[in-house]
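One structure is given here, and the rest of the page talks about it.
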Amino acid sequence: MKNLAPAISPPSGIGDRKAGNQAVLDWVHEVELLAKPENVFWCDGSERERDYLLQEATKQNVLIKLNEKKVPGSYLHRSNPNDVARVEQFTFICTPTKEEAGPTNNWSEPADTYSKLHGLLKGAMTGRTLFVVPYIMGPPDSPLTKVGFEITDSIYVVLSMRIMTRMGAVAVKRLGNDPAAEWNRGVHSLLDVDPARRFICHFPQDNTIISVGSGYGGNVLLSKKCLALRIGSYLARKQGWMAEHMLILGVESPEGKKHYVAAAFPSACGKTNFAMLVPPKHFARWKVTTVGDDIAWMQIRDGRLFAVNPENGYFGVVPGTSYKSNPNAMKSIEHDTLYTNVALADDGDVWWEGKDGPPPKHAIDWKGNDWAPDSKEKAAHPNSRFATPMRNNPVLDPHVEDGEGVPISAIIFGGRRSHTMPLVFQSFDWEHGVYLGATMASETTAAATGAVGQVRRDPMAMLPFCGYNIGDYFRHWLAIGKRLTKPPLIFNVNWFRKGQGGRFLWPGFGDNMRVLKWIIDRCQGSDGALKSPIGWLPGLHDLDLAELEIDHKRIDELLEIDHEQWKKELAEHKKFFDSLGGVVPEELMKQREEVAARFAE
Ligand code: GTP
Ligand code: SPV
Ligand code: MN
């Protein structure tokens, strides 16, 4: 077996024991006794430590240094070809009862699961280094911020966590010495990267995550989907806040009026792109800024929702990213970026499908094989990713570090739907908006292993990330609404509707500004909307389509509500609710009947 992570012996002053909290020290010691690493390395987040780890990772061929002139400070990692995306079938919520995990999660009994995982971790780090990564999720002074410690035997995970979280001394300081302080325990081991021994397990009651057998993204950066969403959503319900799979963006009008919106789209459905949107020429005096591109933690203050981005970097989809589609992402990933599973050009630059310019004549593909433009295989994996610090983003919002968060004017749901769903519509009220979120669906993507392009219900884009019973999650949304005196307006969008011939009807990307503008108009009290059975829709003249070459027929198609298709859609909503086995709140069942009744009017 290939040695996945040989032990390293850092020079003195690097990797020394740092955490003062006895509870953390005891836990690390326990894992150490179990996994039997060659040595233990405490990360402090310093530049010296980064330089040392990069040097080691390159030496071990875990990372390849890219051309310093073309992509300064950047590296390429290739994951095992059997390990390129999240694995929902191997992801478990381990609550005392199956009911607590609910009908949408894989459940596994906690005691049995601990025992199985401890068996797998026994001696698993022999000859390897055990890294302890202290980190916080959220701005350092935010009341929402959470402390986590991730133990890992992957140097790639450590270097990714440096980008994706606020890592090192800041976390040790925030935790303090109180043995009863709340902090998340995360244990990750590559084992031998065998799908048969790949388990991503969450123990919400213990604030614990154990992930084994994978080295890829959302499976192993335990801060992200595991803590910030699955454990986060569990804590959020208990503590009265919200943890959501949402981007957060700021949008400022030429008059200087600024709004923030949060949007939940499923994986690989456009969050990063929307969060970094560059308005078209006609909107040149509008400014869009990014607070977050994947996760929003929201709390109630003065009857309003305020959101923070718990992350410190972006773990974004690479293919399709270009100066045309997302110039701000391109500028962000020009330097100090960790690429996973893209192609390596002969000049040490990176390449992927959809990048600007012609493909290189020869490259090494994501699997490490020779590649040429006429190759049948893709050069970059469809779920290849960049990890880049959010500070690289030229349109980073100035309030991204505000601990109290930014006030949210609108919540947007959306997914990939070839038909049925119009470009945009607005819910009648919060409860109806929760129904839109609860019944949303999307065609599956390469972000998770399994078939691609199949419509599945994905409530609030949280199907793979809700750490407890989805019925209780819906109830939590309804309860939050009751506490809000100035609730955000709720919308639904679909950039992906297709016309005859299977082409996207809407240009998308920067032109999504036109939809955003209507949403902002509505937040400011505009009455430019038409009532329909599914909600408020913009009339043809309510959308600013100036300088867009699109004929009115196409806009009609984009906004069309086809009664036959909606009959099927509503039947699907019923089927979905029924499949959840009685956990869906009465209010949402009633919402469905009301939509059906409006169609019958
Ligand atoms: P995760 O990181 O997996 O949560 O994905 P995400 O929701 O951030 O999606 P992202 O913005 O990375 O976009 C995923 C894919 O959708 C990319 O290939 C984009 O090019 C494509 N995409 C994004 N926005 C649009 C759009 O407005 N129209 C079209 N047609 N494609 C889009
Ligand atoms: C997603 O799948 O929604 C992602 C990528 O953001 S991962 O971090 O791998 O989950
Ligand atoms: Mn995501």
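Every number in this text was worked out from the coordinates using simple rules, so none of it is lab data. Only a predicted model underlies this, so the values are computations on that prediction, with no experimental measurement involved. Note that we place each Cβ from the backbone using ideal geometry, even for glycine, and neighbour counts take in every protein chain shown.
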Self-check item: Whichever residue in the range 282-328 is small (Gly, Ala, Ser) and within 22 Å of Leu63 (Cα to Cα) and, among such residues, is surrounded by the fewest Cβ atoms within 10 Å (Cβ to Cβ)
Solution: Gly316
Quiz item: When you scan the range 453-477, how many residues do you find that are away from ligand 3 (no atom under 16 Å from the Cβ) and touching a residue at least 24 places away in the same chain (Cβ under 8 Å)?
Solution: 12
Quiz item: Pick from Ala596, Ala546: which is surrounded by 13 or more Cβ atoms within 10 Å (Cβ to Cβ), of a type in the set (Gly, Ala, Ser) and more than 31 Å from the chain's Cα centre (by Cα)?
Solution: Ala596
Exercise. Considering only the range 245-292, give the strands (runs of 3 or more DSSP E) lying wholly within it that have at least 2 residues that are under 23 Å from Thr444 (Cα atoms).
Key: 247-252, 258-264
Practice problem: Could you please give the count of residues in the range 412-443 that are in contact with a strand residue (DSSP E or B) (Cβ under 6 Å, 6 or more places away or on another chain) and not aromatic (Phe, Trp, Tyr)? | Solution: 14
Practice problem: Search the range 12-61 for residues being among the hydroxyl-bearing types (Ser, Thr, Tyr) and outside any helix (DSSP H, G or I), and hand back the single one that is nearest to the chain's Cα centre (by Cα). | Solution: Ser46
Quiz prompt | Matching residues, the range 143-153, being in contact (Cβ under 8 Å) with a residue 40 or more places away in the chain and either in a strand (DSSP E or B) or in contact with a His (Cβ under 7 Å, 6 or more places away or on another chain) (or both) | solution = Lys146, Gly148, Phe149, Glu150, Ile151, Thr152
Exercise. Return yes when Gln565 is surrounded by fewer than 20 Cβ atoms within 10 Å (Cβ to Cβ), touching a residue at least 12 places away in the same chain (Cβ under 8 Å), out of contact with any helix residue (DSSP H, G or I) (no Cβ under 8 Å at 6 or more places or on another chain) and not β-branched (Val, Ile, Thr) and no when it is not.
Key: yes
Quiz item: Restricted to the range 466-497, and to residues that are among the hydroxyl-bearing types (Ser, Thr, Tyr) and touching a strand residue (DSSP E or B) at 6+ places or on another chain (Cβ under 9 Å), which residue is surrounded by the most Cβ atoms within 10 Å (Cβ to Cβ)?
Solution: Tyr468
Practice problem: Scan the range 511-540 residue by residue and report those that are among the acidic types (Asp, Glu) and farther than 18 Å from Trp495 by Cα. | Solution: Asp521, Asp527
Quiz item: Out of all the residues in the range 183-238, which are within 16 Å of ligand 2 (Cβ to nearest atom), free of Cβ contacts under 8 Å to residues at least 60 places away in the same chain and in a helix (DSSP H, G or I)?
Solution: Cys226
Practice problem: Might you check whether a residue that is farther than 22 Å from Asn393 by Cβ and either within 11 Å of ligand 3 (Cβ to nearest atom) or crowded, with 23+ Cβ neighbours inside 10 Å (or both) occurs anywhere in the range 255-263? | Solution: no
